[in-house]
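Step one of this worksheet: look at the structure below.
The values are calculated or read from the model by the stated rules, or taken from the named source; none is laboratory data. As the structure is a prediction and not an experimental result, all values here were calculated from the model. Cβ placement follows ideal geometry from the backbone for every residue including glycine, while neighbour counts extend to all protein chains displayed.
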Amino acid sequence: MSSEHVKIRVTNLTKRFGDLTVLDSIAFEVKAGELVAIVGPTGCGKTTFLNTLSKLMPATEGSILIDGEEANPRRHNISYVFQEPTCLPWRTVRENVAYGMEIKGVPHAERMERTDRIMEIVGLSSCAHLYPNQVSASMVQRIAVSRAFAVEPDLLLMDEPYGQLDVKLRYYLEDELVTLWQKLQSTVLFVTHNIEEAVYVAERILVLSNKPTKVKAEIPVDLPRPRDFLEPRFMEIRQQVTELIRWW
């Protein structure tokens with residue numbers, strides 16, 4: 001899926017709050033079209049990490065380059081899917097999916113075409129006319145994911161988007177995520193505390209240490225898709241990541 005072109009280059013990313021160093025000289029690269037999962041011990045600063053990458057929060061030191069230029073939300077499409085639902089309650093499902101494209105000034109015809117295509121992929125077409133309070137929790141999170149992909153982002157950041165959902169729904173939505181990513185070829189950083197989820201969706205896993213947080217290891221996930229949780233190599237990678245987090 002991924003090409004050799006480096007889409008994202010992060011160098012010496014450091015974030016301090018007073019005397020507390022949360023992120024400590026983090027450095028990594030992400031290729032164009034790659035889906036990378038981020039895991040780490042509870043409280044290590046995964047959300048701070050995403051907030052800094054998205055420019056919602058300024059870094060204390062370091063640089064984040066997109067296609068060789070300093071990341072700038074005014075120039076680059078940086079999409080963010082939060083842990084909590086972020087649908088606008090006064091807009092229909094369809095209007096919510098299209099919202100990011102409206103903000104970005106995508107022409108009406110293209111906006112409608114993209115909206116229809118993505119809603120079809122994730123199974124939202126039948127409820128396009130409904131409002132967020134009329135659909136299930138999983139549908140609400142699908143809306144957020146669809147809206148983020150629809151702007152064709154330079155970088156899509158996802159902060160445990162399925163953390164509030166039950167296991168069966170998570171499996172289903174993880175499959176949808178992989179399908180969207182494969183069809184739209186977006187560059188995705190996916191934060192999760194669920195190691196099995198990371199192995200299931202990602203091409204590569206970055207393991208963060210405890211605070212002050214560094215990249216402790218990079219684990220390639222060399223498994224064919226669709227992936228099988230019970231396949232020996234799957235379980236081997238899951239155990240490898242588990243041990244890295246356990247012994248920080």
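Only one of Val215, Val207, Val178, Val199 is in contact with a Gly (Cβ under 7 Å, 6 or more places away or on another chain) and either closer than 16 Å to Lys31 by Cβ or touching a residue at least 40 places away in the same chain (Cβ under 8 Å) (or both). Can you tell me which?
Numbers: Val215 fails: in contact with a Gly (Cβ under 7 Å, 6 or more places away or on another chain); Val178 fails: in contact with a Gly (Cβ under 7 Å, 6 or more places away or on another chain); Val199 fails: in contact with a Gly (Cβ under 7 Å, 6 or more places away or on another chain).
Being in contact with a Gly (Cβ under 7 Å, 6 or more places away or on another chain) and either closer than 16 Å to Lys31 by Cβ or touching a residue at least 40 places away in the same chain (Cβ under 8 Å) (or both) holds for just one of Val215, Val207, Val178, Val199, which is Val207.
Do the conditions hold for Ser125, that is, is it polar (S, T, N, Q) and under 19 Å from the mean Cα position of the chain (by Cα)? No; evaluated as a whole, the condition is false for this residue. Where strands (runs of 3 or more DSSP E) fall wholly inside segment 129-224, the ranges with 1 or more residues that are surrounded by fewer than 16 Cβ atoms within 10 Å (Cβ to Cβ) and either on the phi < 0 side of the Ramachandran plot or in the same structural domain as Thr47 (by TED's automatic domain parsing) (or both) are 215-220. Of all the numbered requirements in (1) assigned by TED's automatic domain parsing to the domain that holds Glu160; (2) at pLDDT below 95, Glu61 misses one, and that requirement is (2).
If I ask for residues that are farther than 20 Å from Leu180 by Cα, of a type in the set (Phe, Trp, Tyr) and in a helix (DSSP H, G or I), which ones from segment 88-128 would you list? Hits for segment 88-128: nothing passes.
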